[in-house]
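Reading through the structure tokens given below for one structure.
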Amino acid sequence: MAEQSRWDLGGRDVDALYLEAQRFRGEPLSARAWSKLRKNRAAWFAWVFLCTIGIASLLAPLLPIPSPKTMHPVTRPAPPVWPWLDKTKGEFRVDYWNLNAFDARLVELRKSMYGKFQTGPWLGTDAQGRDLLARIVWGSRKSIVTALAATAISLGIGVAWGAWAALKGGRTDRWMMRIVDVLYSLPFVFLVITALALFDAPRANLGEALVNRDVVFFVVLGAVFWLTMARVIRGQVLALKSSEFVLASRAMGASTGWILRHHVLPNVFSVAVVYLTLTLPSVMLAEAFLSFLGLGVQAPAVSFGLLVADGVDAINALRVHWWLFTFPAVAMATVLLALFVLGDGLRDALDVRAKEPTTP
């Protein structure tokens, strides 16, 4: 018994300390970031607001609102009507553009739930008698989908380009970043017009079913907005390039692709997520600008840019139909503001060097 305690070398104490340390393990980065995000009231409110808008736009065919395409012959746009003063009767008609299977199922479910009931012109109507509330809901859907798709494309291209250039270094890095500089010098609108024009001929020959214009528009926006992402990621990877774990992996014969997948990308993930939330409003603004000029989303589809363009066209010297411009502009500005606030909150939440505020 004495010999056993003599040669134990404190093993039992080490086991006890290890068990005690297990009780105080640090929480994962995701859990810590989520906790900090919930404590940030502005960012948390922006997150809840964006989730609500996203769900409402996704379930737009299920909502008891009129079809955004249904027209009613009118002499002038109808002003907004307060919900409690709405005396309209339900006259819902299934009048949509080509719907996918999911949206068609939601429309059938909406008919079974509400029948012919529909809300009145709570936000007014346009010059064709189309309900503005319905067009804003469906327009938010189109703008959000366009921004998400284009931002995802820009994220993939920018992260891969910037990380690969920084890891390879030397002549490869110089040439890749010079390409970024050249693309930066080209006008944004010129790039979009050129890319869309290049795809017009294949769409005319192969048809819209094979070359969808919306997909082309997503790719064009994503191919424009990846440049800044590439520079940001390159700077982060250059800082990681001289880290001990990267040098050890290279000494063990790991390839650049393996290091990129297992070491670099997980460490730049937080930066990419933060910049993703800051890129979304920029892409949404670009979509609205191009749609306003007639280069983006095409009628009969609807987006924030098309709604603002219709509102501007309705302004004349004799009568200003303020609701046609005000409500779409407020809706778009609110979504953009929420995205910016959420981006700032995510930046603070994912910053591992930031200290938790201490309560007195």
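The values are calculated or read from the model by the stated rules, or taken from the named source; none is laboratory data. Nothing here was measured: the structure is a model prediction, and the numbers come from that model. When we count neighbours, we look across all protein chains shown, and the Cβ atoms used for this are built from the backbone with ideal geometry, even at glycine.
Looking across region 185-219 at every residue that is of a type in the set (Asp, Glu) and within 17 Å of Gly294 (Cα to Cα), the one that is modelled with the lowest pLDDT is identified as Asp200.
Can you confirm whether Leu238 is out of contact with any Gly (no Cβ under 7 Å at 6 or more places or on another chain), at pLDDT 80 or above, under 16 Å from Gly162 (Cα atoms) and surrounded by 15 or more Cβ atoms within 10 Å (Cβ to Cβ)? In short, yes. Of all residues in region 243-256, those that are within 17 Å of Val268 (Cβ to Cβ) have Cβ atoms under 7 Å from Cβ atoms of residues that are assigned to a helix (DSSP H, G or I) and of a type in the set (Val, Ile, Thr), 6 or more apart or on another chain, in Val246/Ile259; Ser249/Ile259. Of all residues in region 41-76, those satisfying the criterion of being in contact with a Gly (Cβ under 6 Å, 6 or more places away or on another chain) and over 28 Å from Ser112 (Cα atoms) are Ala43, Val74.
Which residues, taken from region 53-82, are outside any loop (DSSP other than H, G, I, E, B) and in contact (Cβ under 8 Å) with a residue 60 or more places away in the chain? Residues satisfying the conditions are Ile53, Gly54, Ala56, Ser57, Leu58, Ala60. Ser185 - would you say it is out of contact with any helix residue (DSSP H, G or I) (no Cβ under 6 Å at 6 or more places or on another chain) and farther than 30 Å from Gln236 by Cβ? Criteria not met by Ser185. Scanning region 217-263 for residues that are of a type in the set (D, E, K, R) and over 20 Å from Ile153 (Cβ atoms) returns Lys241, Glu244, Arg250. Would you mind stating whether Ala163 is within 26 Å of the chain's Cα centre (by Cα), assigned to a helix (DSSP H, G or I) and in contact (Cβ under 8 Å) with a residue 24 or more places away in the chain? So Ala163 fits the description; yes.
The set of residues in region 96-139 being part of a loop (DSSP other than H, G, I, E, B), buried (at least 19 other Cβ atoms within 10 Å of the Cβ) and of a type in the set (D, E, K, R) consists of Asp126, Arg130. Looking at region 301-347, which of its residues are of a type in the set (A, V, I, L, M, F, W, C), outside any helix (DSSP H, G or I) and farther than 16 Å from Ser57 by Cα? Correct list: Ala314, Ile315, Ala317, Leu318, Val320. Looking only at region 320-332, decide whether some residue is under 20 Å from the mean Cα position of the chain (by Cα), modelled with pLDDT of 85 or more, small (Gly, Ala, Ser) and closer than 17 Å to Ser291 by Cβ. Yes, the conditions are met somewhere in region 320-332.
In this structure, Ala286 does satisfy being out of contact with any Pro (no Cβ under 6 Å at 6 or more places or on another chain), in contact (Cβ under 8 Å) with a residue 40 or more places away in the chain, assigned to a helix (DSSP H, G or I) and surrounded by 13 or more Cβ atoms within 10 Å (Cβ to Cβ). The listed residues are Ser291, Ser303, Ser270, and the only one of them that is surrounded by 20 or more Cβ atoms within 10 Å (Cβ to Cβ), touching a residue at least 24 places away in the same chain (Cβ under 8 Å) and not β-branched (Val, Ile, Thr) turns out to be Ser303.
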